[in-house]
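Report on the following structure.
Read-outs throughout are calculated quantities, based only on the coordinates presented, and are distinct from any laboratory measurement. None of these values were measured; they are calculated from a predicted model. Don't worry about glycine lacking a Cβ; one is built from the backbone with ideal geometry, like all the others, and counts go over all protein chains shown.
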Amino acid sequence: MSKQKVGLVLFWIGIVWTIAWESVAVVKILPLMHSLTLDEFNQTIWAFTGPLMMLRGVSMPLGAIVSGVGMLLYSSAKGSTVWKFGTGLFAVLIISLVVMSLNFYSAPVFGIGGTLILLSFIGILWFFAKERIALEGSSTTALDFRLVGYVFMLMAAFYI
């Protein structure tokens with residue numbers, strides 16, 4: 001199987017995985033949260049510290065990582081780029097899970113995370129401007145839509 005086909009399969013696996021788990025959350029978990037007390041909810045299969053809720057918790061980032069690796073393979077990115085992307089994001093996922101499992105709130109960690117998100121967005125804007133200058137025609141429209149997506153992502157991260 002070619003690298004592009006593997007990439008496309010990984011992309012769709014990540015998308016289907018994410019949509020399936022988010023659908024489960026909307027159809028099964030949210031109604032339970034609205035009708036049960038916390039103690040009653042934690043006695044169900046969907047308990048907050050249970051394996052299914054943990055799996056549901058990593059469904060979005062895991063699906064995004066798999067889809068991102070798939071798109072890198074599909075677009076014929078270098079092998080080292082694919083490995084750096086996948087390994088780096090997986091490491092971030094593991095670190096965030098470890099921090100979440102400690103069940104503590106730390107203002108400095110929260111501040112550092114927010115600062116990193118903002119600095120990443122500033123870097124995206126910087127590279128966007130450099131890339132936008134070099135493009136012409138319909139490529140600029142696609143790049144503009146990509147920037148809109150980055151802005152929405154920053155807004156979501158800010159409000160979360």
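Which residue, 86, 50, 14, tops the fluctuation ranking in a GNM of the chain built on C-alpha contacts under 10 Å?
Maximum among the listed residues: 50.
Which of these, 89, 36, 62, has the largest mean-square fluctuation under a Gaussian network model of the chain (Cα springs below 10 Å)?
Of 89, 36, 62, the Gaussian network model singles out 36 as fluctuating most.
Where does the stretch 105-160 land on Rg/Rh, using Cα atoms and the Kirkwood Rh?
Values: Rg = 14.1 Å, Rh = 12.6 Å.
We get a ratio of 1.12 for the stretch 105-160.
Where does the chain land at 222 nm, in deg cm²/dmol rounded to the nearest 500, when only DSSP H runs of n ≥ 4 count, each adding -39500 (n - 2.57), divided by all residues?
Numbers: 8 runs with 128 residues, N = 160.
When only DSSP H runs of four or more count, the value is -26500 deg cm²/dmol.
Taking only Cα atoms and a 10 Å spring cutoff, compute GNM fluctuations for the chain and point out the largest among 26, 58, 99.
Greatest mean-square fluctuation among the candidates belongs to 26.
With charges set only on the Cβ (+1 for Lys and Arg, -1 for Asp and Glu), what does the dipole of the chain come to about its Cα centre, in debye to the nearest 20?
Values: 9 positive and 6 negative charges, 109 e Å.
The dipole magnitude comes to about 520 debye.
Where the centroid of each part is defined by its Cα atoms, how far is the stretch 33-60 from the stretch 117-154 in Å?
38
Measuring from label point to label point, each 7 Å out along Cα→Cβ, what is the residue 134 to residue 87 span in nm?
It works out to 2.6 nm between the two label points.
Taking R0 as 41 Å, what's the FRET efficiency between residue 142 and residue 40 from their Cβ-Cβ distance, rounded to 0.05?
Details: r = 49 Å, r/R0 = 1.20.
Given R0 = 41 Å and the Cβ-Cβ separation, E is 0.25.
Relative to the longest principal axis of the chain, what angle (0 to 90°, nearest 10) does the C-alpha long axis of helix 59-74 take?
Computed tilt is about 20 degrees.
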